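A.B. asks: Below you'll find the structure I mean.
What follows is calculated from the coordinates using simple rules that are stated; it is not laboratory data. Just so we're clear, the structure is a prediction, and the values are computed from it rather than from any experiment. With ideal geometry, Cβ positions are generated from the backbone for all residues, glycine too; neighbour counts draw on all protein chains shown.
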Amino acid sequence: MGKVSAAMIKKKMERVHKRMPFVPEESPTIRQPRSMKDRQQLWLLAGLKHLKAPIVIATLVNLVFAVPGLSWEPLDHLETFAGQMEATKAEWSEGRNAIPLDVTYNPSTMDFTSPVGFANALYHAMRLKPGASATTAPVCSTFVFMSKGSTLRSKTNPLGRPDSEACKIGNLLAARAIVLCLVCAAKGVFWCLEQPGTSCMEYHPVFQALVRIVRVHRLRMKMGDFGAPSPKSTLLYSSHQCIDDILWHTTGPAQRGSPVQMVKHYVDSKGKPRVCGGRDLKQSQAYPAGFASALSRVRTAHLKKNHRTAVKFLRAARKTPNSFDMRPRVNSLWSKHADLDSAIKFLSLGK
Ligand SMILES: C[S@@+](CC[C@H](N)C(=O)[O-])C[C@H]1O[C@@H](n2cnc3c(N)ncnc32)[C@H](O)[C@@H]1O
């Protein structure tokens, strides 16, 4: 695996910033053969139809296809909520074409809570190659056990406190990340959604709606096995069973340094024992390079097979009669939680 230098990251990121078509000011116009867009549209809509996806998702992607001047050049990998972009760097070093998105790189084009940021993420997910790959790590801070006391989230109350702004943002980001997973599934993309081991995101109504449409594999592993300084139990949700192969590429724990503090135990003023996040919790959200490289190696090993399976799926999908899910209850669930109305309004009216 080749090393990704700082200069290479800088150059690649300059290109990524140029390729955010939904910039608030203007959109770049790119010349390309029309057939490329037609092929992407044919595949994606056939896949969504075959999965019996809600019609509102098909409407949304069609609005992106209707935007003139977008490049539909196929993409190998998309990393959303990318942070330190380790998964992207590992893909780049395998020689693949990858895009990382995170609000910290550009708040005006990459904030998923905004229609612009969501449209950009959707557009890149839509141009992934059949059988390509995607990694997402939606913000987990309000979904984990540690914040349960303030969020009141649980298996039976996965959306948490309705008056909490942090819960509302967490819910929206999770729902939008899951919309991207569904779009990926429609092209046979090998997607992986990562959450800490105590997260209750899988009980979010949109996550449950996704599970009713596509098969989702769940793997519990430890980041400590891939070089993280603490064990950090982690859940990986994926479209592909081969995600399990990541366990063949463990690297072992990091070199022992000073002890890490993920959790702090204390007794409050009323004498009640409490826990809260320790000083090293925030840093632990970044993937250790060993994990990103293991993920990338699994993708490389299964690349040909996943591409063949995706093509077979899309061939069958093209023959499926129109079978989008038209039920109002299902469509309004996706629309409400992922705020698709604001994205549809932005894509149709430009505001
Ligand atoms: C759980 S961390 C993922 C960390 C990442 N896996 C890494 O290796 O660094 C969530 C990421 O979501 C980003 N984020 C938070 N709010 C966001 C938003 N509204 N839109 C896009 N990204 C956001 C944060 O900047 C953070 O990097």
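A.B. asks: When the helices in the chain are scored as -39500 (n - 2.57) per DSSP H run of 4 or longer and the sum is shared across all residues, what 222 nm value do you end up with, to the nearest 500 deg cm²/dmol?
C.D. replies: Helix-only estimate at 222 nm: -13000 deg cm²/dmol.
A.B. asks: List the residues whose amide H sits under 5 Å from the amide H of L128, counting only those 5 or more places along or on another chain, with H placed 1.01 Å from N in the peptide plane.
C.D. replies: Amide H neighbours of L128: L75.
A.B. asks: Do any of K10/K345; K18/K89; K89/K232 go past 25 Å between their Cα atoms, and which?
C.D. replies: Working: K10/K345 34 Å; K18/K89 19 Å; K89/K232 22 Å.
Going by Cα-Cα distance, K10/K345 fall outside the 25 Å limit.
A.B. asks: While we're on this one: Around E79, which amide H atoms from residues at least 5 apart in sequence, or from another chain, sit under 5 Å from its own amide H, with H modelled in the peptide plane?
C.D. replies: I99, L101, T135
A.B. asks: Return the distance in nm (one decimal) between the two label points of a simple spin-label model at W248 and R215, each offset 7 Å from Cα along Cα→Cβ.
C.D. replies: About 1.9 nm separates the two model spin labels.
A.B. asks: Residue by residue through the range 86-97, which ³J(HN,Hα) values in whole Hz follow from phi under the Karplus form 6.51 cos²θ - 1.76 cosθ + 1.60 (θ = phi - 60°), with glycine and proline marked x?
C.D. replies: Each residue's phi maps through the Karplus curve to give 5, 5, 5, 4, 5, 5, 4, 6, 8, x, 9, 8 Hz.
A.B. asks: Which residue, L180, A121, P54, has the largest displacement toward the positive end of the dipole of the chain when charges sit on each Cβ (Lys, Arg +1; Asp, Glu -1)?
C.D. replies: It is P54.
A.B. asks: Note down the magnitude of the dipole of the chain about its Cα centre, charges +1 on Lys and Arg C-beta and -1 on Asp and Glu C-beta and zero elsewhere, to the nearest 20 debye. Kindly include the intermediate steps, with their values, before the conclusion.
C.D. replies: Values: 51 positive and 24 negative charges, 158 e Å.
Roughly 760 debye, rounded to the nearest 20.
A.B. asks: Could you tell me what percent of the DSSP beta bridges with both partners in the chain are antiparallel, to the nearest 5? The partial results should precede the final answer.
C.D. replies: Working: 16 of 31 bridges.
Bridges in the chain are about 50 percent antiparallel.
A.B. asks: Taking 30 Å as R0, compute the FRET efficiency from the Cβ-Cβ separation of K319 and A66 and round it to 0.05. Let's see the in-between values first.
C.D. replies: On the way: r = 25 Å, r/R0 = 0.84.
Taking R0 as 30 Å, the efficiency between K319 and A66 is 0.75.
A.B. asks: Taking +1 at the Cβ of each Lys and Arg and -1 at the Cβ of each Asp and Glu, which of G197, H302, S335 sits farthest along the dipole of the chain towards its positive end, judged by Cα position relative to the Cα centre?
C.D. replies: Farthest towards the positive pole: H302.
A.B. asks: If each residue's Cβ is checked for other Cβ atoms within 10 Å, how do D38, D245, D76, D163 rank with the fewest at the top?
C.D. replies: On the way: D38 12, D245 17, D76 20, D163 7.
Least crowded to most crowded, the residues run D163, D38, D245, D76.
A.B. asks: Spelling out what I want: for every residue of the range 164-180, take phi, set θ = phi - 60°, compute 6.51 cos²θ - 1.76 cosθ + 1.60 (Karplus), and round to whole Hz; glycine and proline get x.
C.D. replies: 9, 4, 4, 5, 4, 5, x, 5, 5, 5, 5, 4, 5, 5, 6, 4, 5
A.B. asks: On to the next question. From the backbone phi of the range 310-319, what are the Karplus-calculated ³J(HN,Hα) couplings (6.51 cos²θ - 1.76 cosθ + 1.60, θ = phi - 60°) in whole Hz, Gly and Pro given as x?
C.D. replies: Karplus-based 3J(HN,Hα) across the range 310-319 equals 5, 5, 4, 4, 5, 5, 5, 4, 5, 8 Hz.
A.B. asks: Going by amide H atoms built from the backbone, whose H comes under 5 Å of the H on D111, apart from near neighbours?
C.D. replies: Counting only residues 5 or more places away or on other chains, the set is G117.
A.B. asks: Under unit Cβ charges (Lys, Arg +1; Asp, Glu -1), what dipole magnitude, rounded to 20 debye, does the range 194-260 have relative to its Cα centre?
C.D. replies: On the way: 7 positive and 5 negative charges, 26 e Å.
My answer is approximately 120 debye.
A.B. asks: Next question, about the same structure. Let a ≥ b ≥ c be the square roots of the eigenvalues of the Cα gyration tensor of the range 57-194; is it rounded (a/c under 1.5), or, if not, prolate (a/b larger than b/c) or oblate?
C.D. replies: Details: a/c = 1.97, a/b = 1.60, b/c = 1.23.
Verdict is prolate for the range 57-194.
A.B. asks: If you don't mind, there's one more thing I want to ask. Name the longest site-free stretch of the chain, where the excluded sites are GluC sites (Glu not before Pro) in a DSSP loop with no more than 10 other beta-carbon atoms within 10 Å. Please list the in-between numbers first.
C.D. replies: Numbers: sites that count: E25, E26.
Longest stretch, sites excluded: 27-351.
A.B. asks: Going by alpha carbons, how many degrees (0 to 90, nearest 10) lie between the helix axis of 340-349 and the longest principal axis of the chain?
C.D. replies: Around 40 degrees separate the two axes.
A.B. asks: Ok, one more. Determine the distance separating the Cα centre of the range 121-158 from the Cα centre of the range 317-351; give it in Å without decimals.
C.D. replies: 19 Å
A.B. asks: Report the one residue of T251, V267, T142 whose Cα lies farthest in the direction of the positive end of the charge dipole of the chain (charges on C-beta: Lys and Arg +1, Asp and Glu -1; origin at the Cα centre).
C.D. replies: After comparing all options, I get T251.
A.B. asks: By how many nm would the segment from D341 to Y105 grow when fully extended, if each residue of separation counts as 0.36 nm and the alpha-carbon distance is taken off? Kindly include the intermediate steps, with their values, before the conclusion.
C.D. replies: Numbers: separation 236, 0.36 × 236 = 84.96 nm, distance 2.58 nm.
Between D341 and Y105, full extension yields 82.4 nm more.
A.B. asks: Nearest 10 degrees, 0 to 90: what angle lies between the long axis of helix 328-338 and the longest principal axis of the chain (Cα atoms)?
C.D. replies: Relative to the chain, helix 328-338 is tipped by roughly 60 degrees.
A.B. asks: Right, next: Hey, got a sec? Which trypsin sites (Lys or Arg not before Pro) in the range 98-183 land in a DSSP loop and have at most 11 other Cβ atoms within 10 Å? Walk me through the intermediate numbers first.
C.D. replies: Details: sites: R127, K148, R153, K155, K168, R176; in loops: R127, R153, K155.
Those satisfying the criteria are K155.
A.B. asks: For the chain, I need the span (max minus min coordinate) of the C-alpha atoms along each principal axis, in Å, sorted largest to smallest.
C.D. replies: 65, 47, 40
A.B. asks: Which distance in Å, rounded to a whole number, links the C-alpha centroids of the range 167-235 and the range 49-92?
C.D. replies: The range 167-235 and the range 49-92 have Cα centres separated by 17 Å.
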